[in-house]
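*Asks:* Below is the structure I would like to discuss, written out as structure tokens.
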Amino acid sequence: MPLVFCDCPGFLDNRGAEINIANAANVRTAIVKAASVRVIVLISYHSLLADRARGIQDMIKICGDLFGSYENILKHTESLLVGVTKVPCGGRDEEDLESVRDLIMTPPVPE
């Protein structure tokens with residue numbers, strides 16, 4: 001069975017309603033037709049810290065929409081990988097990575 005990678009459009013990109021609807025329909029079609037799916041979400045380290053962790057709240061909302069609900073995110077965590085980009089370096093790498101893990105593992109629950 002072949003392995004296929006799909007790069008989805010940015011979920012907070014706003015290039016108009018028509019493009020957003022087409023992107024959502026195409027992503028849904030790809031997911032529904034696949035035998036199995038692994039979702040990789042990339043988020044910037046700085047967006048985790050800025051604006052009262054707004055970045056992680058947005059990420060949880062987007063994943064909730066993609067998975068159907070927050071409960072489905074929890075149910076399918078084995079299919080979800082979160083990658084954090086732009087983690088600062090500087091002698092405290094282990095502490096930085098632990099703080100990132102803590103931010104992701106104890107997010108505010110969306111309303």
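Derivation of every value follows stated rules applied to the coordinates shown; laboratory data play no part. Keep in mind that this is a model prediction, so the values were computed, not measured. Heads up, the Cβs are rebuilt from the backbone with ideal geometry, glycines too, and the neighbour counts pull from every protein chain shown.
*Asks:* So which lysines pass the test for Lys61, namely a Cα distance under 18 Å, with those fewer than 8 places away in the same chain ruled out?
*Replies:* Of all the lysines, those that pass the test against Lys61 - Cα under 18 Å, at least 8 places apart if same chain - are Lys75.
*Asks:* Amide H of Val39: which non-local residues (sequence gap of 5 or more, or other chain) have their own amide H closer than 5 Å, using H built in the peptide plane?
*Replies:* Leu80, Leu81
*Asks:* Tyr70 versus Glu18, label points 7 Å from Cα toward the beta carbon: distance in nm?
*Replies:* Here the modelled spin labels are 3.7 nm apart.
*Asks:* Tell me which residues come under 5 Å, amide H to amide H, from Val87 once H is placed; ignore anything under 5 positions away on its chain.
*Replies:* Tyr45
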